[in-house]
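Structure record follows, encoded as structure tokens.
The values are calculated or read from the model by the stated rules, or taken from the named source; none is laboratory data. Keep in mind that this is a model prediction, so the values were computed, not measured. Glycine also receives a Cβ, built like all others from the backbone with ideal geometry; neighbour counts cover every protein chain displayed. These accessible areas exclude ligands, DNA and RNA; they are computed on the full protein's heavy atoms, side chains included. Shrake-Rupley method; radii C 1.70, N 1.55, O 1.52, S 1.80 Å.
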Amino acid sequence: MGSLQDPELIKDCELHFCKAITDHNPEVTPSTIPYIHDLLKTFPQNQEKVCCKLVVILEQIVSGCLPVFMSKKGIPAPWTQINLLKIFEDSQFGDETKWQLGEILVQMLNRYQISRERINFAVQSQCLSLIFSKFHPNDRCFEPALNCLKVFLQVQETKRNSNILAIGLEHLTKLSEKRPAYCYTFQTLVMNCLSHEDLTIQKQTFLLLHSLINEKNFKTVFDHLMKNLQEKFQHSQFGAKMSERSCHIIKQNPFIYLEIIILLL
């Protein structure tokens, strides 16, 4: 790791990457992947070329090419998969690699949704993080990702697991920051989460609520906040975000509920 503290110790970074990636012992891979991740942060100019090779490794893992003893709960080398997905999320890569990666992500999401094991949720969560960060709604992997998000949000269930729900809300928050329209699909669930008994759920819901409001639901959302939750967000970062979003709406239509905004300031 000294080479990462002083990158000048690495004289030929391409050769260094090549040696780290091409080890023929599959048991070495889980240890080298985090090191490769750090190397790519240090030498970002190599990201596209290295990701082109890493996507092949991910495909081999998902296809079950590794020894059975490296699997957990039916998932081949799950933490290696997760670490590879983290590399792709933090790196830049070409269109061909993106297409290959998208196809693999579709396989992963379709396969791993069958089980409710924790490790399955961990892999799926990292898939969602990557897709919502790097892919477009027109990409083939986006629709399976939205279906997976519904599993985390437990849309069809009356009794929800709070830990899984919190992860789902976190992903919905990230998605809504880039594409707010998707938040409207879950408006009822989000509003119910504002009154959830778990404070973690309430906090995570606060972070995405400012992406939810528009002219049509403006009054409903703010009436709920004023009656039940005002003391929890007043003078907070959440209150600032809500005020900023509200001012944007009022700028478009200055006659709607100005008195409610005054209460937030």
Apportionment of accessible area to carbon and sulfur, the stretch 139-187, percent (1.4 Å):
48
Residue pairs, from the table Lys98/Lys174; Lys73/Lys150; Lys73/Lys203; Lys72/Lys203, whose Cα atoms sit over 29 Å apart
Lys73/Lys203; Lys72/Lys203
Quick check: with the 1.4 Å probe, what order do Ile213, Ile57 take by accessible area, largest first?
Ile57, Ile213
Solvent accessible area, Å² - Arg140, 1.4 Å probe, full protein context
140
Stretch Lys49-Lys86 to full length: gain in nm at 0.36 nm per residue minus the Cα-Cα span?
11.7 nm
Spherically averaged projected area in nm², based on the convex hull that wraps the Cα atoms of the stretch 69-138
4.7
What nm value, rounded to one decimal, do you get for the distance between Ser71 and Leu146 when each label is placed 7 Å out toward the C-beta?
3.2
Determine how large the accessible area of Lys203 is when every protein chain is in place; take a 1.4 Å probe and give Å² rounded to the nearest 10.
140
How large is the accessible surface of Ser31 in square angstrom, using a 1.4 angstrom probe and rounding to the nearest 10?
90
Rounded to whole Å², per residue accessible area for the stretch 106-172 with a 1.4 Å probe reads 46
Order Thr158, Thr22 by their accessible area, 1.4 angstrom probe, all chains in place, largest first.
Thr158, Thr22
Glu197, Glu96, reordered so the largest accessible area comes first (probe 1.4 Å):
Glu197, Glu96
